[in-house]
Amino acid sequence: MSDLCRLTIHEARDLLRRGEISAVELTRAHLERIETVDARVRAYLHVDADLALAQAEDADRRRAAGEDDSLLGIPLAVKDIITVQGMPATAGSRILEGFMPPYEATVSRRLRKRGAVFLGKTNLDEFAMGWSTENSAFFTSRNPYALDRVPGGSSGGSAAAVAADEALVALGTDTGGSVRQPASWTNTVGLRPSYGRVSRWGVIAFASSLDQVGPLTKDVRDNAILLEAIAGHDPRDSTTMPEPVPRYEDLLEGGVQGMHFGLPREYFVKNIHPGVRRAILQAVDKLVELGATVEETHLHYTKYGMPVYYLVGTAELSANLARYDGVRYGFSAGAANMWENYRQTRGRGFGQEVKRRIILGAYALSAGYYDQYYLKAQKVRTLIREEFETAFETFDALVAPVAPVPPFKIGQSPTDPVELYLTDVLTLPTALAGLPCISVPAGFMEDEGESLPVGLQIIGKPFDEATVLRIAYAFEQATNWRQVRPQLA
Amino acid sequence: MSKYELVVGLEVHAQLLTKSKMFCGCSADSWDAPPNSHTCPICLAMPGMLPVINREAVAQTIRAGLALNCTIAEEAVFARKNYMYPDLPKGYQISQYELPLCVNGWLDIDAGEGTKRIRITRAHLEEDTGKLVHAGDVSLVDLNRAGVPLLEIVSEPDLRSIEEVNEYLSRLRQILVYIGVNSGNLERGAMRMEANISLRPRRSAELGTKVEIKNLNSFRAVRNALEYEVARQTRILDSGGEVEQVTLGWLEHEGRTYVQRTKESAHDYRYFPEPDLPPLFIERAWVEELAAGLSELPLARRARFESEYGLSRADADVLVGARATADFYEAAVAATGDAMTPKQVANWMMGDLFRLVKESGKPLQEASITPAMFAELLTLVANKTINANTGSRVLKTMFQTGEGAATIVEREGLAQVSDADVLAQAIERVLAAHPDEVGRYRDGQTKLLGWFMGQVMRETRGKADPNLVRQMLMERLQR
């Protein structure tokens, strides 16, 4: 493997600035890396080498003309639920197979303006609904640390691409944990920004009040750089907030000395794997060693996260996915009449999990059930948010595990949906509350003879990504788990 | 009189007059445009697209709400109304459900000598659907109209006759056009109606079973559909039957309603708050600003015309019918000053001017004549420079050429002849030429005076001062 693929953004930035490497060299190295390992990792749904090299050449020209930017010439990957001009967008679904969007997401546009190079689109669970990429209509991505296991999901392709050095950084989306959980399982850094921090325009919707785009990176500094590039108010997304975007990279230093963290007991759920528990408690010790105080606390509403999430989220997606009707774009079954074409297009175009959730959501909204399901869920959602607000009166941040269990072996995910849904119980309440949170590498655990990554979750106050990143950075600098590389050769 | 009382509530969908659509930048005016030429990824509901609220549509809705005496919400929420149909690209319509922009208003309509207050339940903002074009055995989708802002105005079931329904719709249309939020052009679908109708025995307090009639695209369709339903339901009730609660469609060409949906198959729209749009907080200062900018409404203006100008209600009603007409009238009255009474100005307007406007086929505001020009003409008549008949002729020329009245009078030598010597000579010529008639007049056939007047006018090519001629003729013939 070329050493160029090991670089972070900030390392590559220095080399590019000094003229020691070119964007074309950097891009070519990553395309070669994809060529070498992706048949095994299967991170990408779509790679466009010509387009990537053309962008890299353009980046080199811009640099030669005197331009300088952290992202100028940086090759990255984008989860295939975020639209990029000139690339297909499938959302991991048959129903969008072959769809070429005539626009691109605000986040993509912002990265393009900064001179980033788009390598391709990464695999995901269909419409971001899942924990493993096993719900992708196309194939399952592999965990670079254990190729017989899933990388997590739904942003599994993006996490795997970064972990396997197939991209410097990648974008994912997090609706209920889809950035943090795969980051936790692939020894990468994954951040879910505050709801309203990053534009959803051009991001294929799953659950509108929960979806957020987040960076998946090799280290915290890169995460800060990428977040700053995509964050900020967008007049085309009315749910984005006008809060100014700080220069996160400049706010990483300072450590955790004197900070006070809460450790919610409820996040150590019954089914938590002892290896996860051990890693998190060790991480807590490390934070204390670094000068922070950590106190056990309670978040009593944690257990309602799952039911609330699966009512609100499915209600929203049942409407968001109604547009896939075979009339204007995407897959169409071509049946003889309108209703039959709806049935066949959606029946064949959507996978089982998507259909299950559409039905759940439609049910939660239907006459006679709205009050007891959707409305009740929204009320509990408010209680969950308020409970976090109260916790933040005491704590600077909360620390917790990300996923209670290690990555599943492929094909061995629990078959009972309710058991499966328990996989993301520790990432749902924060998503419902719209809080910024990060998964940062916190060591490894043993499971059936394999050494598997574990992530530490750091949860911050609304729009205080800076503090979340600063804590994660202090922890990362003191532990440096990212030095443990996957054995892919 | 029928033994049943008709009870009607109306839902009116009025297309707002915004430049762009409700949630995207596409032009809202796509009349005659090629199919799907006014569309973009947002109104085509492509993946990942998000709506952004059109501020002007909200402003127009608030203005309509104010004109309909509604309370304007402090917090308004958009909601998704879910159903699948090819003319609805997102599979849901963004509408308002629990917290509409305007609630609890009313509209006064004429009822006999007085007025009747019809309560408005709510007025909310939503987006229009596209339309399906059926061509042989295929159906084509045109989404030009998809996403155009619609104002939905829902009345309470306060209407008790088809005449009241008609009056309500006419008044509503008049107000919406007056305040500039609707074109009033029903041929182009600017207003579409749904009627909720039930019959009950007279003097019964309970409401009968409600039937909803959809897709009524003209006031005439509303009238015809209601007449049809009254007859149908009367037959059912007379024979001891029960009216079924259904949703009906109206077949204009066949002149009958048909069942679209029964109660059992009623849609469950699964409304829920639109998560892509945060709640709208309507600032009171903005509402006040919009209220201040609202023009005087037709009924208030009519009352003022009656009291201020001494017009009859019928005349005032005609003059306030369109805002441009009322504005023209008031400007003309002011410019005419004391030369003519407002009543005389109204007569000239409703007579000669309206006839010319009607013949031209264009609205008054597009005519070449201004209120000032009209007032100049009336002043020439009032100060006897020209007589009334000449005035009519001059007005017609003004209308055609856009010239001023004085210019035309001068060029064509139309000034009234009031010179007694000139008129006396003309009278002498007429009497000399018609000795028989002079004799008959003197024998008592005094109604021949009018005939003599006509002869003298002809002699003077219509320019003679008619009052003076009449006086001189009577004196001369009595000699």
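Does A:Ala397 fit the bill of being away from chain B (no Cβ under 11 Å) and either in contact with an Asp or Glu (Cβ under 6 Å, 6 or more places away or on another chain) or surrounded by 13 or more Cβ atoms within 10 Å (Cβ to Cβ) (or both)? Working first, answer last.
Values: away from chain B (no Cβ under 11 Å): yes; either in contact with an Asp or Glu (Cβ under 6 Å, 6 or more places away or on another chain) or surrounded by 13 or more Cβ atoms within 10 Å (Cβ to Cβ) (or both): yes.
The answer is yes for A:Ala397.
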Among the numbered criteria (1) surrounded by 14 or more Cβ atoms within 10 Å (Cβ to Cβ); (2) under 26 Å from the mean Cα position of the chain (by Cα); (3) not in a helix (DSSP H, G or I), which one does B:Leu414 miss? (2)
Here are the criteria: (1) under 19 Å from B:Asn54 (Cβ atoms); (2) outside the structural domain of B:Val177 (by TED's automatic domain parsing). Tell me which single one B:Glu274 does not satisfy. (2)
Listed by first then second residue, the pairs whose first member lies in the stretch B:215-243 and is without any contact (Cβ under 8 Å) to a residue 40 or more places away in the chain, whose partner is crowded, with 18+ Cβ neighbours inside 10 Å and acidic (Asp, Glu), with beta carbons under 9 Å and at least 6 positions apart or on separate chains, are B:Asn215/B:Glu194; B:Leu216/B:Glu194
Of the conditions (1) away from chain A (no Cβ under 14 Å); (2) part of a loop (DSSP other than H, G, I, E, B), B:His13 fails just one. Which one is it? (2)
Considering only residues of the stretch A:27-57 that are basic (Lys, Arg) and closer than 21 Å to A:Phe139 by Cα, which is surrounded by the fewest Cβ atoms within 10 Å (Cβ to Cβ)? A:Arg40
Subset of the stretch A:97-145, residues hydrophobic (A, V, I, L, M, F, W, C), away from every other protein chain (no Cβ under 14 Å) and touching a helix residue (DSSP H, G or I) at 6+ places or on another chain (Cβ under 7 Å), comes to A:Leu111, A:Val117, A:Phe118, A:Leu119, A:Met129, A:Trp131, A:Ala137
The correct count of residues that are under 13 Å from the mean Cα position of the chain (by Cα) and of a type in the set (Ser, Thr, Tyr) in the stretch A:115-141 is 3
Test set (1) small (Gly, Ala, Ser); (2) surrounded by fewer than 16 Cβ atoms within 10 Å (Cβ to Cβ); (3) farther than 27 Å from B:Pro51 by Cβ - B:Ala332 fails condition number: (2)
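Looking at B:Ser2, B:Ser30, B:Ser37, which one is more than 30 Å from A:Pro101 (Cβ to Cβ) and in a loop (DSSP other than H, G, I, E, B)? If you could, list the steps in order and put the result at the bottom.
Values: B:Ser30 fails: more than 30 Å from A:Pro101 (Cβ to Cβ); B:Ser37 fails: more than 30 Å from A:Pro101 (Cβ to Cβ).
Of B:Ser2, B:Ser30, B:Ser37, the one residue that is more than 30 Å from A:Pro101 (Cβ to Cβ) and in a loop (DSSP other than H, G, I, E, B) is B:Ser2.
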Restricting the stretch A:248-267 to residues that are part of a loop (DSSP other than H, G, I, E, B) and not small (Gly, Ala, Ser), the residue that is farthest from the other protein chains (Cβ to nearest Cβ): A:Gln257
Filtering the stretch B:66-89 down to residues that are within 12 Å of another protein chain (Cβ to nearest Cβ), among the charged types (D, E, K, R) and not in a loop (DSSP other than H, G, I, E, B) yields B:Arg80, B:Lys81
Condition first: surrounded by fewer than 22 Cβ atoms within 10 Å (Cβ to Cβ), aromatic (Phe, Trp, Tyr) and part of a helix (DSSP H, G or I). Can you find one or more residues in the stretch A:409-425 that meet it? yes
Note on the stretch B:48-101: residues among the hydroxyl-bearing types (Ser, Thr, Tyr) and touching a helix residue (DSSP H, G or I) at 6+ places or on another chain (Cβ under 6 Å) are B:Tyr92
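Within the stretch A:231-247, can you find the residues that are away from chain B (no Cβ under 13 Å) and closer than 25 Å to A:Arg385 by Cα? Give the derivation first.
So in the stretch A:231-247, the residues away from chain B (no Cβ under 13 Å) come out as A:231-232, A:243-247.
Of everything in the stretch A:231-247, those that are away from chain B (no Cβ under 13 Å) and closer than 25 Å to A:Arg385 by Cα turn out to be A:Ala231, A:Gly232, A:Glu243, A:Pro244, A:Val245, A:Pro246.
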Of all residues being under 17 Å from B:Ser139 (Cβ atoms) and of a type in the set (Gly, Ala, Ser) in the stretch A:307-353, which is farthest from the chain's Cα centre (by Cα)? Just the residue, please. A:Ala336
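Those residues that are farther than 30 Å from B:Arg313 by Cβ and assigned to a strand (DSSP E or B), I need them from the stretch B:90-122; list them, please. If you could, list the steps in order and put the result at the bottom.
Of the stretch B:90-122, the ones farther than 30 Å from B:Arg313 by Cβ are B:90-101, B:103, B:122.
Result: B:Tyr92, B:Gln93, B:Ile94, B:Ser95, B:Gln96, B:Val103, B:Arg122.
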What tally of residues in the stretch B:1-26 results from selecting those that are aliphatic (A, V, I, L, M) and farther than 17 Å from B:Val165 by Cα? 4
When both residues are 6+ apart or on different chains and their Cβ atoms are under 9 Å apart, which pairs have a first residue that lies in the stretch A:177-200 and is closer than 13 Å to A:His233 by Cα and among the polar types (S, T, N, Q), and a second that is at pLDDT 95 or above and assigned to a strand (DSSP E or B)? A:Ser194/A:Gln212; A:Ser199/A:Val213; A:Ser199/A:Ala231
Within the stretch A:363-373, track down each residue that is under 14 Å from B:Tyr269 (Cα atoms) and in a helix (DSSP H, G or I). A:Tyr363, A:Ala364, A:Leu365
Give me the residue from the stretch A:332-382 that is facing another protein chain (nearest Cβ under 10 Å), free of Cβ contacts under 8 Å to residues at least 60 places away in the same chain and polar (S, T, N, Q) and, out of that set, nearest to B:Ala79 (Cα to Cα). A:Ser366
Filter the stretch B:271-308 for residues that are under 29 Å from A:Thr239 (Cβ atoms), surrounded by fewer than 14 Cβ atoms within 10 Å (Cβ to Cβ) and more than 14 Å from every other protein chain (Cβ to nearest Cβ) and give the result. B:Glu283, B:Arg284, B:Ala285, B:Glu288, B:Glu289
Those strands (runs of 3 or more DSSP E) lying entirely in the stretch B:174-283 with at least 2 residues more than 28 Å from the chain's Cα centre (by Cα) and farther than 30 Å from A:Tyr373 by Cα: B:191-201, B:256-262
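Would you check if B:Gln400 is of a type outside the set (Ser, Thr, Tyr) and not assigned by TED's automatic domain parsing to the domain that holds B:Gln344? Give the derivation first.
On the way: of a type outside the set (Ser, Thr, Tyr): yes; not assigned by TED's automatic domain parsing to the domain that holds B:Gln344: no.
No; evaluated as a whole, the condition is false for this residue.
Of all residues in the stretch B:261-270, which are touching a residue at least 12 places away in the same chain (Cβ under 8 Å), surrounded by fewer than 20 Cβ atoms within 10 Å (Cβ to Cβ) and either facing chain A (nearest Cβ under 8 Å) or of a type in the set (Lys, Arg) (or both)?
Of the residues in the stretch B:261-270, the ones touching a residue at least 12 places away in the same chain (Cβ under 8 Å) are B:261-263, B:266-267, B:269-270.
Of the ones still in play, those that are also surrounded by fewer than 20 Cβ atoms within 10 Å (Cβ to Cβ) are B:261-263, B:266-267, B:269.
Within the stretch B:261-270, B:Arg261, B:Lys263 qualify.
Residue-wise test of (1) more than 14 Å from chain A (Cβ to nearest Cβ); (2) within 30 Å of B:Gly293 (Cα to Cα); (3) crowded, with 23+ Cβ neighbours inside 10 Å; (4) among the aromatic types (Phe, Trp, Tyr).
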{"site": "B:Ser2", "(1), (2), (3), (4)": "yes, no, no, no"}
{"site": "B:Met22", "(1), (2), (3), (4)": "no, yes, yes, no"}
{"site": "B:Cys43", "(1), (2), (3), (4)": "no, no, yes, no"}
{"site": "B:Asn54", "(1), (2), (3), (4)": "no, yes, yes, no"}
{"site": "B:Glu98", "(1), (2), (3), (4)": "no, yes, no, no"}
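Using the structure shown, decide if B:Gly444 is within 24 Å of B:Glu376 (Cβ to Cβ) and assigned to a loop (DSSP other than H, G, I, E, B). Break it down into steps so the answer makes sense when it comes.
Numbers: within 24 Å of B:Glu376 (Cβ to Cβ): no; assigned to a loop (DSSP other than H, G, I, E, B): yes.
The answer is no for B:Gly444.
In the stretch B:358-375, which residue that is without any contact (Cβ under 8 Å) to a residue 40 or more places away in the chain and assigned to a helix (DSSP H, G or I) is nearest to B:Ile408 (Cα to Cα)? Please lay out each step first, then the result.
Our first condition is that a residue be without any contact (Cβ under 8 Å) to a residue 40 or more places away in the chain; within the stretch B:358-375, this holds for B:358-362, B:366-370, B:373.
With assigned to a helix (DSSP H, G or I) added as a condition, the list becomes B:358-360, B:366, B:373.
Values: B:Lys358: 23, B:Glu359: 21, B:Ser360: 20, B:Glu366: 21, B:Met373: 12 Å.
Step by step, filter the stretch B:358-375, then rank; the result is B:Met373.
The values are calculated or read from the model by the stated rules, or taken from the named source; none is laboratory data. Quantities reported herein were computed from a predicted structural model and do not represent experimental measurements. In this analysis, Cβ positions are derived from the backbone assuming ideal geometry, glycine residues included, and neighbour counts consider all displayed protein chains.
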